[in-house]
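Visitor: Structure below; questions to follow.
The values are calculated or read from the model by the stated rules, or taken from the named source; none is laboratory data. If you're wondering where the values come from, they're calculated on a predicted model, not measured in any experiment. Note that each Cβ is placed from the backbone with ideal geometry, even for glycine, and that neighbours are counted across all protein chains shown.
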Amino acid sequence: MLNVTGGSIIRGMNEETNILDNLEIDGALKQFEADSKAGQSQKAKGFTLIELLVVVAIVGFLASVVFASLKTARVKVRDAQRISNFQQIKIALNLYASNNNGSFPVGNFFTSWSGCGNHDWQDLATILHPYISTLPLDPSGHGAGCPSSDAYWEMYINNFDGGWIGISGHEGTCLGKTILFLNSTEGNSIKKKECQFDSQTIFPNAIIMVIN
């Protein structure tokens with residue numbers, strides 16, 4: 001017969017209880033570890049308010065730098081286009097002179113403010129039409145309120161006299177020359193100047209191209 005004492009039964013029950021307790025503890029620890037990792041992962045995915053403000057400030061700074069660079073680039077492109085335009089007109093004027101005993105066109109003033117449709121500039125366009133189909137206008141597109149409200153205006157002047165543009169006595173090395181002149185107040189970029197006024201405070205950013 002199997003002889004089982006009360007003490008062995010109690011010991012067996014205690015051992016089973018200890019095993020169950022250990023299993024429950026192990027399960028709780030594993031669940032705690034899993035919950036901790038999940039919480040850390042969730043925390044890592046988010047940003048604090050300070051972090052977001054720093055990111056916004058950096059993006060704003062970079063955007064301002066890019067916009068400033070784009071503005072400078074646009075000014076340089078327009079300046080290059082202005083000089084190219086004058087080169088085309090200069091070629092047309094020289095072609096005209098070569099077919100007219102070296103004489104350049106002479107009119108009232110042959111003065112134009114870009115986009116204004118000034119009759120003198122239209123007359124010059126007609127005279128030069130065999131050599132250039134259209135006299136180019138300033139690439140800024142300005143000209144609605146010419147000349148008083150527009151800082152972009154072109155002039156062709158045969159035998160330059162500063163009195164024509166209100167600088168008599170300051171003609172400098174431009175006096176007596178046939179020139180193309182563009183007044184521009186855009187930025188402080190260096191413009192093409194083939195002759196100089198005595199007073200550099202007058203039209204400091206002008207393009208001045210000498211024809212002869």
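Visitor: Starting from residues that are part of a loop (DSSP other than H, G, I, E, B) and of a type in the set (S, T, Y), keep the ones in region 153-184 and report whichever is surrounded by the most Cβ atoms within 10 Å (Cβ to Cβ).
Guide: S184
Visitor: Continuing with the same structure: Looking at T126 and the list (1) of a type in the set (V, I, T); (2) over 16 Å from R82 (Cβ atoms); (3) modelled with pLDDT under 70, which single condition is not satisfied?
Guide: (3)
Visitor: When region 173-190 is examined, which residues are found to be modelled with pLDDT of 80 or more and under 35 Å from the mean Cα position of the chain (by Cα)?
Guide: Residues satisfying the conditions are T173, C174, T178, I179, L180, F181, L182.
Visitor: Hey, another quick one. Considering every residue within region 105-121, establish whether at least one is closer than 22 Å to N212 by Cα, modelled with pLDDT of 80 or more, assigned to a loop (DSSP other than H, G, I, E, B) and not acidic (D, E).
Guide: The answer is yes, given that some residue of region 105-121 is closer than 22 Å to N212 by Cα, modelled with pLDDT of 80 or more, assigned to a loop (DSSP other than H, G, I, E, B) and not acidic (D, E).
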